[in-house]
Structures are given as structure tokens and as C-alpha cells.
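One structure is given below, encoded as C-alpha cells.
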Amino acid sequence: MLGLGRVFRWPLVALSLTAGLAGPGPAVAAESVVTDIRVAERAGVTRMVFELTRKVAFSAFTLGNPARVVIDLPEVGWRLPARPLPGATGVFEKLRYGLYKPGNSRVVLDIRTPAAITRAFILEPQGEKGFRAVIDLTPTTSETFLRNAGKAPVRVTAPRPSPPLPAAASPKNKMVLVKGPDQAAAPVAVTAKGPKASRSGLQPPPPPPQQATPFRLAPRKPELKRRGKKRVVIIDPGHGGADPGTIGISGIYEKHLTLSMARELKKRLERTGRFKALLTRDRDIFIRLRDRVQVARDAKAELFISIHADSVRDKSIKGSAVYTLSEKASDREAQELADKENKADLIAGVDLTYETPEVTNILIDLAQRESMNQSARFAATLVKELRRNIKVLRNSHRFAGFAVLKAPDIPSVLFEMGFLSNPSDERALRSRKYRARLAAMVVRSMEAYFARIEEATRK
């Protein structure tokens, strides 16, 4: 995925730059705070260490295609040292972290070669070091890795949250471990006092999801607006949580910019008194692509706009663009962007093994054609408004198979605000004033779009 390699090297730069962007939404109080992440290799074993202020339960499992190790914790805070995240070491390549869902933080490790989780344990505080969650990874064969991928996780439990570390805590070091799936037929739950039955800590993962049913295809023509009825618009801030999106040249995360822009757009839409604007996420949390679509369908939205910022190797490319759904991409760049955005679930450590082709592919049903036509009309209106005011790409309305635009009965567009790889675009998008200008253009475009619908319906 373009731009992702840089996301994992300078996390604190991004945090400092986003302090004035999207403020925190409603959140569960974190049980613990991760204060450091370390990785080392010795004698063929790659060890991951997460230092915490309190002892917490955690679980770890592997996923294939691509090869990943996923670590689930309770909702934790992140206060990491002012240095880059660990680089490639042993089987470890890079990592990303964030809020996966309320009450559940997630770390996703990309691994360079197939690996097995051979040990997982908690170390008690010692000297200046706090509680440490430790995971050992060892190389394994591709066949063994794929056989165990997605199976029952290794779990380490904590019967109750430990008290915060005192200023000069130096208790005796204790270690407990559990063997991974390569050594045991079933995972063993452990505590700081030794192995016991899994009655507390993280709950086992749910069984594999049932085959998802395809969307019910019922194209809905825009209704004539009744007096006093507000138009329902869904605003989708791209990425979030363990999926950071791309990163700007200054270190800003796409996920923070999209949320800030979405909040500004919602505020301006509702200020008109003619719109009811809803967000697919209102905090830094991961939302699956299909769930974003379902939010819009459940709300009976009349328009869906997904907000993003792009990144490419050529730093001279700049400008906004609007994308709509199509089986065939309008150009190579549009196809590359769609491929990148459609990997969001994989990036956040989601197992797509049990998805049906109806959900995972992007083929268009005939019943979607009317919605696609409406999407194209709004895209043309938005591009026209943007072109009057700011720099846009030469081919400013593009087409590709974006999974997040799949709602069969809701006009949907993806708005790329600009390129975080371009110094000028990135500087502008970090500006609250510029984002307010963009939001105003989108509002005017929506007003014009719905005005034409109402006029056509009356005829």
C-alpha cells in the first residue's frame, strides 16, 4: 500500500501535528497505557515487548494472505518515546496499532516470513521497567503457518486490573508463559500465578462469521423533499484506529485529517437547517468497509461521501479529485488507489476468509445503475464547484472499484482532498481554514444537487 511504509516510523510527529485536529470522541477509560515497544532477535527467536503501566489480558493469533500477527488488548492508551517505532528485525517487518472497536485496542505485525507464536507471557515490573507483555515468534513453514492462521489464539489473562505502578516500584521479576498452536492442540490460559482454566481476561474470539448475505438490491429513487424534512447525508472519514491510512511528508496521519474534515463538513451541513449529517466514525477507531456501507443503508441515507487524502511517489502531483464506482477503472492511477483503499480491512487485521464473493468482489449489479448515475451527477457538481476555487487533478472525476461505494441504492462518491505527498497540498490540508473552505464547497455542491432532484421530481 503506497505510503504505509512511512506511517510506522514517526508516530510521535503525527501525534504532535494532530493535536489541533480531530479532538477525542467518546471513549472508554483505558485500563493501561503502552509506554514503549521493543523488538529483538536472539537464537532465531524474535521477541516483541510491549511495556505497560498496568497488567492487562491479551491474546495473539496469526492471519494469512498477507502474513500477519494480530495482538488484541483491552482499550489502552499510547504514550510512546520520542523515537521511531522498531524496524525490521528477525521475522518482524513493521507494525501499526490503534483502537479496533470500543474496549479493544489492536496491534498488527507484518512479518517477513511465516512465523509461529511460540510463547506469550507477562513480566512484572523491575527497576525502571513496567509490566511487559511479551510475545516470541519463531520461523515456521508456509504449510504450518497457513494451517494455524486464524485458529484459536494464544491468551494471557489478568484476573483483575493491577494498580498503577508506584514511583519507585521494583518488585521481583515473575514470568509466565503459554505455548502456541504449534506445540499444543488447544491454547492454555495463564495468569501471573500460573496456568488455570480460562474463566477471566479476554473472552475467546467469536466463531467464524456466518456467510454474509449479499445486499438486498432495491434501488431507491430520490424522494420529493417534504416540507421540513431534512436530507440525510452520511460522511465517512476514511481509515481510523489500527488503519492509519497514508502519511504526510510532515508526519500527519490521513485518518486524523479525514476525521477533522468530516466534523467540519457535518457542522456546516447542519448549520443550513436542511441536512441531517451522520458520521460513520466520530473518533479514532477502525470501522470495516462493509460496516461503513451498512451505516448508510440503516440510516436510509440519500447521499454518501467518503473522505480521503492520497499519497504517490511523484511529489509534484497535487490537487483534489472525486471518484465514483465502476467495474472498469478510468485509468491506472484510479485502479491503484482503489486497490489500496480496498485493503483497509486487511491492514487492520481482519480475517476475510469467511466473506462471500458478493461482499468481497466489486462487480456491479444492474440494480445499482441508477445509483451510479446519481453518483456521477453529484460528482460532476462537486468537481465543478472545486474547479472554480482550488487546484484539481486534470482528470478530476475518476472511476474505479471502491468497496466503500458499493451501496446499491445510495448515490456515493469518494472525495480525495489532495495529496499528502505534495508539500503544498499537505500544508493546506493541515490548515483548519483550508478545510473549512473545502467543506463549504461540498455543502454548496450538495445543495445544488438536491435542488435539481427536487426540481426534476416536481415536473
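Since every read-out is calculated from the coordinates, none of them should be taken as a lab result. Computed from a prediction, not measured in an experiment: that's the story for all the values here. Counting neighbours? That spans all protein chains shown, and the Cβs are built from the backbone with ideal geometry, glycine included.
Table for the structure above
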read-out	value
All Cα pairs of segment 44-157, percent lying beyond 26 Å	16 percent
Qualifying GluC sites (Glu not before Pro) in segment 87-155, DSSP loop, other Cβ atoms within 10 Å at most 15	Glu128
Reference-scaled alpha-carbon Rg (2.2 N^0.38 Å with N residues) for segment 390-443	1.33
Order of Tyr449, Tyr253, Tyr434, Tyr97 under a 10 Å beta carbon neighbour criterion, fewest first	Tyr434, Tyr449, Tyr97, Tyr253
